[in-house]
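For reference, the structure is listed below as structure tokens.
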There are 2 protein chains.
Amino acid sequence: MDTNKIYKSDIEIAQQATLLPIKHVAEKFLNLQEEELELYGKYKAKLSLTLLDRLKNKKPGQVILVTSINPTSAGEGKSTVTVGLGQALNQLNKKAIIAMREPSLGPTMGLKGGATGGGFSQVLPMDEINLHFTGDLHAITTANNALASFIDNHIYQGNKLRIDPRRIVWKRVLDLNDRSLRNITIGLGGPMNGVPREDHFDITVASEIMAILCLAESLSDLRTRLSKIVIGYTYENTPITVGELGYEGALTLLLKDAIKPNLVQTIEHTPAIIHGGPFANIAHGCNSLLATKMASKLGDYVVTEAGFGADLGAEKFLNIKARIGKISPAAVVIVATIRALKLHGGIKKENLLQENTTALMNGIANLNKHIETIKGFGLPYVVAINKFITDTDDEINAVIDWCDKEAHPQALCEVWEHGGKGGIDLANKVLSIIDSKENHFHQLYDQNESIKEKIMSIASKVYGATGVQYTSIAERQIKEFEQLGWSELPICMAKTQYSLTDQAHLVGRPENFTLTIREFKISLGAGFIVALTGNIMTMPGLPKKPAALAMDVNEAGFATGLF
Amino acid sequence: MDTNKIYKSDIEIAQQATLLPIKHVAEKFLNLQEEELELYGKYKAKLSLTLLDRLKNKKPGQVILVTSINPTSAGEGKSTVTVGLGQALNQLNKKAIIAMREPSLGPTMGLKGGATGGGFSQVLPMDEINLHFTGDLHAITTANNALASFIDNHIYQGNKLRIDPRRIVWKRVLDLNDRSLRNITIGLGGPMNGVPREDHFDITVASEIMAILCLAESLSDLRTRLSKIVIGYTYENTPITVGELGYEGALTLLLKDAIKPNLVQTIEHTPAIIHGGPFANIAHGCNSLLATKMASKLGDYVVTEAGFGADLGAEKFLNIKARIGKISPAAVVIVATIRALKLHGGIKKENLLQENTTALMNGIANLNKHIETIKGFGLPYVVAINKFITDTDDEINAVIDWCDKEAHPQALCEVWEHGGKGGIDLANKVLSIIDSKENHFHQLYDQNESIKEKIMSIASKVYGATGVQYTSIAERQIKEFEQLGWSELPICMAKTQYSLTDQAHLVGRPENFTLTIREFKISLGAGFIVALTGNIMTMPGLPKKPAALAMDVNEAGFATGLF
């Protein structure tokens, strides 16, 4: 890239793009029938679940999973590579379709800006996707909080089920960054205003309902999963479910449109299904199973991503989502940037602009561990070096040389600047490993192993831990879960995304460490056990100068200040 | 009506109706251009604000305001009459269009069921309108709570503006009935989790942002109004606005689609614009000004409604919305039912099924007061007797005879059972008073009168109070508002809807009473002063058996249990 060039912002590029009517994309590129499409404006549509019936005998396309090294504050551009790779495959005349997560509004208004890729590898209309989109997250917020109000109302109206107000585990949510709501007391103000108790707000993407929506295979499966949600415990410590309260029908009704995947297009008109976005720490961090399945019926190649690094999103995609949905990925792309590798090599963010191949080669240990993990799943992979404007040739060559020496397939990726054209090499490498490499995909553990065995598999094979220790609370919970018949579920690890360990500051590839499981949380509706390590933030806060301060809309209705 | 007949539920009637594609309604009935329509599925659309430019020289149609006697637990059917009248006008080959409020989800899940009319006078698709519709309320909830998070973040990050956490008047909202959130404490859990303070959640329709959205005339007017919102006071008791915090752009961006009115159709394909729905107690209780104006440019007759009885919704429509929007209504329809009049006559709800013309004629005093009020505004009116299955002929004749004797134009209305056909008599009477009666519309007070003078006008001319008394807090606030230059704004009364007085149990037409103003609230963005009488509930609770318990959705995606 030319450092003297003036680059446009993502929103400027997005708004200068010419979009096709989504109806056109659906009919011409995907052969969708008119009644399978529900338009939300000209450029967004919901897809009817009936198309899965129509295409039930069609052989699914190849699923390509995009993951990355442990994220750093420098940004890795996983979404950008996902979009760019989809576009590149299309340029190679492959029928490719992208399946991504929906952005959460809270981080958009806070630090992060949008989550729709960048440069010439974006999904559009980026402002609408980043704001309310088709209302899925609002529907989840509403269903989540309606359930909370039903619980508190049940207690207020006589508490027939004997719910212990101190043992309610169902939290309220908002799709915002709002640290003030992390710890609250509710029901104050006397007998007419409810029963006082402690409560918490999470961000919507941390709601079990989000995880459920992303794993449900149909409307009736959604209802069944919702009815299984454990909302708390009685005074006798017996779990209480949504089904016992009787609200699974109302919650399903509130989600009847949110369950339908959303179709949009990239800047190069590649179809993209954007649907669901559970947190990759407290939940499994992948887009919806329905979206991925639908994409695999509509395209020959599906490019999809999972949240954070391969230790979180990819591990959960492969051990949880792929297990439930019986998906067998064809290949994995591991995204790394020079900047992030240098941070993993121990330098400080303020020194990022200086060339530093020593730090880079130290940091590459992080990439190496994620490569080993993907190999451990029996999957072929390509390393995508996502080029940034500040990378030097020596730095890039150092990573390429290392890959070549270690026989890791690699490709330099310039999709931010050049769109699909910048991802042709990556696309060709991906196609080549799908065609030629052997694929021995398998999960890392059996569901019916003990809780501790399953956790040990993840900790040792994915994180590189030498052991796992449990707090006394966690030990007690394991016994309780076993007694309740909950132990034969996959494990959803809740761990910091910044490190392979449970301590955020330990970058690179730490060795000889022990993982501590602090506590468990049952997500019986989603169908997994959450194992919490360290303190997991489920409600982010806003920074000193939130991104929202720069946002506005002009009189023509176009967003400004989104990035 | 035949009491032996088995009547279908509203949702059954709604789901058996055949809808036209909304594109067809927009193009054929309203001559809208394609780019003025943004589809949300096949049967809902948003209307572009640009059509107001295109039609700026077109003479606006006649606005017919539908109001009612003080509501009772028996239900008055104001929305049903509004829809039925619109349909009837269309049957008479008039180009009529309906402008209504959007339902709030909280009451729908609680006691109320839907708010989309009933029987054969409904707006459709009723399930979607009653649930998430086009997401307007979710956008308002998000903007409201984003602002709350910005305020708490400002304090947390150093509190440059010296906002006093004890004097924050901006509340959080949810579009749910949730009494547990009426009084809460937030920011607990130590220094990393915000600054502890008392807080409150209101229902979304009570948010000032809802009132603002309903009074804004353009996107830039919306931004100006949002920037004027007073969110609280400094330690020195100086008001702090959104503009000082710098978030008016982000809030406007979050509302850029919500400001666009929504087009749907009735069961008889009469176009209906459904947009906005501020509470008629804490706010002004009317659909959006943009919707009403748009409707008046698209139709020759606009049938619109205002919340609760004529003492609340109509008074505010005429004194606030009509003033800001320079609307001069052509006629008013005052809805009454035999059942409600009997309750106003002093009988108990359990005795409603017994014929009781004595109670009925006692209760008619309530109707009479509202007629006087509408006359006081200089407007022609028709009394609509909304027929219920349990009404006896003697009871109906008693009301008709009274109207005839007092020379009040009246019409028996059977729009629930017969749709537009059941409202032909009402429609003819409305057309006749528009053509023949004199219209001397005027507001009841001048904006630049003193706060006390304005309140006295409403209390005496609309409620029939003999005087107004003020608490010491209210007296102090009047002085403060005058000093701050806020006194020359219209007054938005916050009063119980059940009585002409400030005490809910005083039904009928109470006399010789004094109104007490407890406190004021400034809604500087909406542009009015809220005068609170008694305890106004701004966050409803759920009943013992919420309507949500019966709700569900079948595998085909159709709602069940909505009524």
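The values are calculated or read from the model by the stated rules, or taken from the named source; none is laboratory data. Predicted model, so just to flag it, every value in this text is computed and none were measured. No Cβ is skipped: glycine too gets one built from the backbone with ideal geometry, and neighbour counts run over all protein chains shown. Accessible surface areas use protein heavy atoms only, side chains included; no ligands, DNA or RNA. Shrake-Rupley method; radii C 1.70, N 1.55, O 1.52, S 1.80 Å.
Can you run down the residue pairs with Cβ atoms below 9 Å, 6 or more apart or on separate chains, where the first is in region B:235-263 and within 9 Å of chain A (Cβ to nearest Cβ) and the partner is of a type in the set (Lys, Arg) and surrounded by 24 or more Cβ atoms within 10 Å (Cβ to Cβ)?
The qualifying pairs are B:GLU248/B:ARG225.
I'm trying to understand the selection: among the residues of region A:357-381, which are among the hydrophobic types (A, V, I, L, M, F, W, C), within 13 Å of A:PRO510 (Cα to Cα) and under 21 Å from the mean Cα position of the chain (by Cα)?
The answer is A:LEU367, and nothing else.
Which condition number does B:GLY508 fail, the rest of (1) more than 8 Å from chain A (Cβ to nearest Cβ); (2) more than 26 Å from B:MET210 (Cβ to Cβ); (3) open to solvent by 10 Å² or more (accessible area, probe 1.4 Å) being met?
The failed condition is (3).
Show the residue pairs that are 6+ apart or on different chains and have beta-carbon atoms under 7 Å apart, the first residue being within region A:485-502 and in a loop (DSSP other than H, G, I, E, B), the second being crowded, with 23+ Cβ neighbours inside 10 Å and among the small types (Gly, Ala, Ser).
Pairs found: A:GLN497/A:ALA280; A:GLN497/A:GLY309.
Across region B:328-364, what is the number of residues that are in a helix (DSSP H, G or I) and surrounded by fewer than 19 Cβ atoms within 10 Å (Cβ to Cβ)? Give the derivation first.
To start, the set of residues in region B:328-364 that are in a helix (DSSP H, G or I) comprises B:338-344, B:349-351, B:357-364.
Remaining after also requiring surrounded by fewer than 19 Cβ atoms within 10 Å (Cβ to Cβ): B:349-351, B:357-358, B:361.
Qualifying residue count, region B:328-364: 6.
When the residues of region A:456-476 are filtered to those that are open to solvent by less than 20 Å² (accessible area, probe 1.4 Å) and of a type in the set (A, V, I, L, M, F, W, C), which remaining residue is farthest from A:ASP502 (Cα to Cα)? Before you say what the answer is, go through the steps one by one.
In the first step, residues of region A:456-476 are kept if they are open to solvent by less than 20 Å² (accessible area, probe 1.4 Å); the result is A:457-459, A:462-463, A:465, A:467, A:474.
If we keep only those that are of a type in the set (A, V, I, L, M, F, W, C) as well, we get A:458-459, A:462, A:465, A:474.
Working: A:ILE458: 13, A:ALA459: 10, A:VAL462: 13, A:ALA465: 10, A:ALA474: 16 Å.
If we take residues in region A:456-476 being open to solvent by less than 20 Å² (accessible area, probe 1.4 Å) and of a type in the set (A, V, I, L, M, F, W, C), then A:ALA474 is farthest from A:ASP502 (Cα to Cα).
Return the pairs, sorted by first residue and then second, in which the second residue is open to solvent by 20 Å² or more (accessible area, probe 1.4 Å) and part of a loop (DSSP other than H, G, I, E, B), the first residue lies in region B:531-556 and is at the interface with chain A (Cβ under 10 Å from one of its Cβ atoms), the beta carbons are less than 7 Å apart, and the residues are 6+ apart or on different chains.
B:MET539/B:ARG182; B:PRO543/B:LEU111; B:LYS544/A:GLN157; B:ALA547/B:LEU111; B:LEU549/A:GLY246; B:ALA550/B:GLY561; B:MET551/B:GLY561; B:ASP552/B:GLY561
Any residue in region B:393-405 that's on the phi < 0 side of the Ramachandran plot and charged (D, E, K, R): show its pairings with residues that are assigned to a helix (DSSP H, G or I) and open to solvent by less than 20 Å² (accessible area, probe 1.4 Å) at Cβ separation under 6 Å, as long as the two are six or more apart or on different chains.
B:GLU395/B:ILE338; B:GLU395/B:LEU360
Which residue pairs have Cβ atoms under 8 Å apart, sit 6 or more places apart or on different chains, and have a first residue in region B:158-169 that is free of Cβ contacts under 8 Å to residues at least 60 places away in the same chain and a second that is assigned to a strand (DSSP E or B)?
Once the first residue is free of Cβ contacts under 8 Å to residues at least 60 places away in the same chain and sits in region B:158-169, its partners that are assigned to a strand (DSSP E or B) give B:PRO165/B:ARG197; B:ARG166/B:ARG197; B:ARG166/B:GLU198.
List the pairs whose first member sits in region A:197-214 and is in contact (Cβ under 8 Å) with a residue 60 or more places away in the chain, whose second member is of a type in the set (Phe, Trp, Tyr), and whose Cβ atoms are under 7 Å apart, counting only residues at least 6 apart or on separate chains?
Pairs that qualify, where the first residue is in contact (Cβ under 8 Å) with a residue 60 or more places away in the chain and the partner is of a type in the set (Phe, Trp, Tyr), are A:VAL205/A:PHE279; A:ALA206/A:PHE279.
Results for (1) in contact with a His (Cβ under 9 Å, 6 or more places away or on another chain); (2) open to solvent by 10 Å² or more (accessible area, probe 1.4 Å); (3) outside any helix (DSSP H, G or I), shown as yes or no for each residue.
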| site | (1), (2), (3) |
| --- | --- |
| B:SER180 | no, no, no |
| B:MET192 | no, yes, no |
| B:GLU198 | no, yes, yes |
| B:ILE209 | no, no, no |
| B:LEU213 | yes, no, no |
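Select from region B:399-418 the residues that are under 18 Å from B:LEU343 (Cα atoms) and surrounded by 19 or more Cβ atoms within 10 Å (Cβ to Cβ) and list them in ascending order.
If the condition is that a residue be under 18 Å from B:LEU343 (Cα atoms) and surrounded by 19 or more Cβ atoms within 10 Å (Cβ to Cβ), then B:VAL399 is the only one that fits.
Hey, can you tell me all the residues within region A:220-230 that are open to solvent by less than 10 Å² (accessible area, probe 1.4 Å) and within 14 Å of chain B (Cβ to nearest Cβ)?
Within region A:220-230, the first condition is being open to solvent by less than 10 Å² (accessible area, probe 1.4 Å), and the residues that meet it are A:222, A:226, A:229-230.
Once the filter is applied, which keeps residues that are open to solvent by less than 10 Å² (accessible area, probe 1.4 Å) and within 14 Å of chain B (Cβ to nearest Cβ), region A:220-230 yields A:LEU222, A:LEU226.
Within region A:114-127, is there a residue that is more than 7 Å from chain B (Cβ to nearest Cβ), part of a strand (DSSP E or B), open to solvent by 10 Å² or more (accessible area, probe 1.4 Å) and within 30 Å of A:PRO271 (Cα to Cα)? Outline the logic, then answer.
Our first condition is that a residue be more than 7 Å from chain B (Cβ to nearest Cβ); within region A:114-127, this holds for A:114-127.
Restricting the remaining residues to those that are part of a strand (DSSP E or B) gives A:117-118, A:121-124.
Within this subset, residues satisfying the condition of being open to solvent by 10 Å² or more (accessible area, probe 1.4 Å) are A:117.
This time we only want the ones that are within 30 Å of A:PRO271 (Cα to Cα), so: A:117.
The answer is yes, given that some residue of region A:114-127 is more than 7 Å from chain B (Cβ to nearest Cβ), part of a strand (DSSP E or B), open to solvent by 10 Å² or more (accessible area, probe 1.4 Å) and within 30 Å of A:PRO271 (Cα to Cα).
Among the residues of region B:157-184, which ones are facing chain A (nearest Cβ under 7 Å) and touching a Lys or Arg at 6+ places or on another chain (Cβ under 7 Å)?
B:GLN157
In region B:106-121, what residues are hydroxyl-bearing (Ser, Thr, Tyr) and either within 21 Å of B:ILE389 (Cα to Cα) or modelled with pLDDT of 90 or more (or both)? Outline the logic, then answer.
If we filter region B:106-121 for residues that are hydroxyl-bearing (Ser, Thr, Tyr), which is where we start, we get B:108, B:116, B:121.
B:THR116, B:SER121, listed by residue number.
Yes/no per residue for (1) closer than 22 Å to A:THR533 by Cα; (2) surrounded by 15 or more Cβ atoms within 10 Å (Cβ to Cβ):
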residue	(1), (2)
A:PHE441	no, yes
A:ASP446	yes, no
A:ILE478	yes, yes
A:PRO490	yes, yes
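Looking only at strands (runs of 3 or more DSSP E) that fall completely inside region A:236-308, which ones have 2 or more residues that are touching a Gly at 6+ places or on another chain (Cβ under 6 Å) and modelled with pLDDT of 95 or more?
Numbers: elements: A:239-241, A:262-266, A:271-274, A:301-305.
Per the criteria, A:301-305.
Scanning region B:527-560 for residues that are assigned to a loop (DSSP other than H, G, I, E, B) and of a type in the set (Gly, Ala, Ser), which turns out nearest to B:THR496 (Cα to Cα)? Reasoning before the result, please.
Restricting attention to region B:527-560, the residues satisfying the condition of being assigned to a loop (DSSP other than H, G, I, E, B) are B:527, B:533-546, B:551, B:554-558.
In the following step, the residues that additionally are of a type in the set (Gly, Ala, Ser) were identified as B:527, B:534, B:541, B:556-557.
Working: B:GLY527: 22, B:GLY534: 8, B:GLY541: 16, B:ALA556: 42, B:GLY557: 39 Å.
Looking at residues that are assigned to a loop (DSSP other than H, G, I, E, B) and of a type in the set (Gly, Ala, Ser), I get B:GLY534.
If a residue counts only when it is touching a helix residue (DSSP H, G or I) at 6+ places or on another chain (Cβ under 6 Å) and open to solvent by less than 80 Å² (accessible area, probe 1.4 Å), which helices (runs of 4 or more DSSP H) contained entirely in region A:1-109 have at least 2 such residues? So that I can check it myself, show each step before the final result.
Values: elements: A:10-16, A:50-54, A:78-91, A:105-109.
Where helices (runs of 4 or more DSSP H) fall fully within region A:1-109 and carry at least 2 residues being touching a helix residue (DSSP H, G or I) at 6+ places or on another chain (Cβ under 6 Å) and open to solvent by less than 80 Å² (accessible area, probe 1.4 Å), they are A:78-91, A:105-109.
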